[in-house]
Amino acid sequence: MYEFLSITEIGRIYGVTSHVAGRWLKGLGLRTESGQPSAQAFNEKYVSQRPSRHPGTFYYVWHAGKTTAILDGMCYPRAGNDPVEREYRPGTS
């Protein structure tokens, strides 16, 4: 089980593209209009930076439990057939 997921993986849980998932996070104040994680996202530990394969660069990853909990709380429907989705559904093992 992964503690952090990419925005693409978050989108896959809900059966949407990373762009759609990103818009949802913008609507919740967790991303800025430019698409970067917001100060709120960092302060509340929704997002973290990880080094990329390219020296001196990084990418953002989202806390799986916190991010899916807030999206579930907003009643965004999950895709239901993705193994990543099943791993982060509350009440499943």
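What follows is calculated from the coordinates using simple rules that are stated; it is not laboratory data. Note that the coordinates shown come from a computational prediction; the quantities given were computed from them, not determined experimentally. Note that each Cβ is placed from the backbone with ideal geometry, even for glycine, and that neighbours are counted across all protein chains shown.
Only loop residues by DSSP count here, and only those with at most 11 other Cβ atoms within 10 Å; note down the trypsin sites (Lys or Arg not before Pro) in region 45-82 that meet that.
Details: sites: 45, 53, 66, 78; in loops: 45, 53, 78.
Hits after loop and neighbour filter: 45, 53.
Separation between the residue 52 and residue 69 pseudo-spin-labels, each 7 Å from Cα along Cα→Cβ, expressed in nm?
3.0 nm
Starting from the amide H of residue 79, placed 1.01 Å from N in the peptide plane, find each other amide H under 5 Å away whose residue is 5 or more places distant or on another chain.
Close amide H contacts, sequence-distant or interchain: 14, 15.
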